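Here the structure is laid out as structure tokens; the discussion comes afterwards.
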Amino acid sequence: MTEKQQVHIIVSGRVQGVFFRDFTQRQAVKLGLSGWVRNTNDGKVEIIAEGDNINLNKLIEVVKIGPDHAQVKYYQINWENSIKGFSDFQIIY
């Protein structure tokens, strides 16, 4: 069995008001990942995702592009040691 990992992603650019959270949740669920996505007060989108390395990297690749109408200008990716054991992938409002 593959060891579970966690990644913390921040994306900025035109990422709010373009269904970025919904897009991220759908991709994460499709990849079997757990965690959450939320908008930040400074106009970015923050993602915490847990799962196997291969699927986390697939999520990273799709959020670097984002949904139609999004324009990702910058992204920050931090691999983290702590695993919180989320049961699903949620949009936080």
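Taken together, the values in this text are just the output of simple stated rules run on the coordinates, not laboratory data. Computed from a predicted model, the values in this text were never measured in an experiment. Positions of Cβ are generated from backbone atoms using ideal geometry, with glycine treated the same way; all protein chains shown enter the neighbour counts.
General observations
- Candidate set: region 28-59, residues that are surrounded by fewer than 17 Cβ atoms within 10 Å (Cβ to Cβ) and of a type in the set (A, V, I, L, M); chosen: the one nearest to GLU3 (Cα to Cα): ILE54
- Just so you know, in region 1-54 the residues that are in a loop (DSSP other than H, G, I, E, B) and among the β-branched types (Val, Ile, Thr) include one that is farthest from the chain's Cα centre (by Cα), and it is THR2.
- Residues (in contact with a strand residue (DSSP E or B) (Cβ under 8 Å, 6 or more places away or on another chain) and surrounded by 20 or more Cβ atoms within 10 Å (Cβ to Cβ)) located in region 9-24: ILE9, VAL11, VAL15, PHE20, ARG21, THR24
- Breaking point among (1) loosely packed, with under 12 Cβ neighbours inside 10 Å; (2) in a loop (DSSP other than H, G, I, E, B), for TYR74: (2)
- Condition check for GLN6: touching a Leu at 6+ places or on another chain (Cβ under 7 Å) and buried (at least 17 other Cβ atoms within 10 Å of the Cβ): no
- Qualifying residue in region 79-88 (condition: assigned to a loop (DSSP other than H, G, I, E, B), acidic (Asp, Glu), in contact with a strand residue (DSSP E or B) (Cβ under 8 Å, 6 or more places away or on another chain) and surrounded by fewer than 16 Cβ atoms within 10 Å (Cβ to Cβ)): yes
- Pairing residues of region 50-69 that are closer than 16 Å to GLY35 by Cα with residues that are hydroxyl-bearing (Ser, Thr, Tyr) and assigned to a strand (DSSP E or B), at Cβ distances under 6 Å and at least 6 apart in sequence or on separate chains, gives GLU50/SER34.
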